[in-house]
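Below: the structure, in structure tokens.
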Amino acid sequence: MDMQATLEEIVKAVAPLKGQGTVASYIPSLGGVPPEKFGICVAMADGPVYGAGDWHEPFSIQSISKVFSLALVMARDYDSIWKRVFREPSGTPFNSLVQLEADKGIPRNPFINAGAIVVTDRLLTLTGDAAGSIRGLLRQEAGNPTIDIDATVAASEARHGHRNAAMAHLLASFGNLENPVDDVLANYFDQCALAMCCEDLALSARFLARQGVSTGGSPFLSPNQSKRVNAVMLTCGTYDAAGEFAYRVGLPGKSGVGGGIVAIVPGRCSIAVWGPELDANGNSVVGTAALDEFTTRTGWSVF
Ligand code: GLU
């Protein structure tokens, strides 16, 4: 297969879908991103990297950062995070407070906001700098020391992050935070505001296609842990549409409201796509379609 040609064909095939979604604007500084952008990158497990479209343009990774915080906590703490977070699809929106109250402060999974805030809290305890340690992992895996937090996006979210603040306080009221609410939120907003391009993102997530082996060749996660992170991505990684995403794409994936999606073909490659317009569930319209095209054309799916 000519991977480069395949990616260029996918860019053309999905172009007519532009204009069908909405750029997230509840974090005001995300609202100004040009809606027509689209990039795709495939990082093969054994080295080669292919890309097409706007694959070198940085974007806000938002909830995709939750994959890396979870991996860092599991690498250090093995399974203990699962005493504080479940791993079931939530069936409610990613920022819902209702379920957290009913479940007595134990979030349904680490990829909805409440669960991610607990993971960030644990990473803060373990490292003293949760957002900085995620940035360090991304820089190391992508081989790009310029990857950084977009301070404008972080400040914009902090100013408008009332719902996340409410969630963090609710978690604290149930005794499910180890650190002060303000410190945890600052790290959470910073990690969501990490900006990177499709190439950096595909390279950063590639350890999940390599049974946990990092870019440098050393084990970052065990094969077992890598399997588990992929499983949580498959079941909980694309908001309230994980079933639809599995049906269309057939891969573990994690999306963010910045319009990025990272998907993993275990043993073969990691894929990053970015298209800022989101569907009603918060997943990139063009990005999901491109991943559907990718698995349909290549036959590379976990099913
Ligand atoms: N920072 C965003 C929030 O907490 C992340 C949402 C997302 O990408 O799902 O609302």
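The values are calculated or read from the model by the stated rules, or taken from the named source; none is laboratory data. Bear in mind that the values here come from a model prediction, so they are computed numbers and not experimental data. Using ideal geometry, Cβ is built from the backbone for each residue, glycine included, and neighbour counts are taken over all protein chains shown.
Of the residues Ser204, Ser255, Ser214, Ser218, which single one is touching a helix residue (DSSP H, G or I) at 6+ places or on another chain (Cβ under 9 Å), among the small types (Gly, Ala, Ser) and surrounded by fewer than 18 Cβ atoms within 10 Å (Cβ to Cβ)?
Working: Ser204 fails: surrounded by fewer than 18 Cβ atoms within 10 Å (Cβ to Cβ); Ser255 fails: surrounded by fewer than 18 Cβ atoms within 10 Å (Cβ to Cβ); Ser218 fails: touching a helix residue (DSSP H, G or I) at 6+ places or on another chain (Cβ under 9 Å).
Result of the check over Ser204, Ser255, Ser214, Ser218: Ser214.
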Checklist entry - Which of the residues spanning the range 12-23 are surrounded by 20 or more Cβ atoms within 10 Å (Cβ to Cβ) and in contact with a strand residue (DSSP E or B) (Cβ under 8 Å, 6 or more places away or on another chain)? => result Gly21
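So, Gly237, is that one at pLDDT 95 or above, within 13 Å of the ligand (Cβ to nearest atom) and buried (at least 23 other Cβ atoms within 10 Å of the Cβ) or not? Spell out the reasoning first.
Numbers: at pLDDT 95 or above: yes; within 13 Å of the ligand (Cβ to nearest atom): yes; buried (at least 23 other Cβ atoms within 10 Å of the Cβ): yes.
So Gly237 fits the description; yes.
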Item to check | Residue list for the range 48-95, restricted to those being without any contact (Cβ under 8 Å) to a residue 60 or more places away in the chain and charged (D, E, K, R) | outcome: Arg76, Asp77, Asp79, Lys83
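Scanning the range 258-303 for residues that are of a type in the set (D, E, K, R) and in a loop (DSSP other than H, G, I, E, B), which turns out surrounded by the most Cβ atoms within 10 Å (Cβ to Cβ)?
Taking the candidates together, the pick is Asp279.
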Item to check | Number of the condition not met by Cys41 [criteria: (1) buried (at least 18 other Cβ atoms within 10 Å of the Cβ); (2) in a helix (DSSP H, G or I); (3) more than 16 Å from the ligand (Cβ to nearest atom)] | outcome: (2)
Checklist outcome for this item: Among Ser173, Ser218, Ser255, Ser222, the single one that is of a type in the set (Gly, Ala, Ser), within 16 Å of the ligand (Cβ to nearest atom) and over 18 Å from Leu123 (Cβ atoms) is Ser255
Checklist entry - How do the pairs read when you match residues in the range 186-198 that are part of a loop (DSSP other than H, G, I, E, B) with residues anywhere that are hydrophobic (A, V, I, L, M, F, W, C), using Cβ under 6 Å and keeping only pairs 6 or more apart or on different chains? => result Ala193/Ile149; Ala193/Val153; Ala193/Ala154
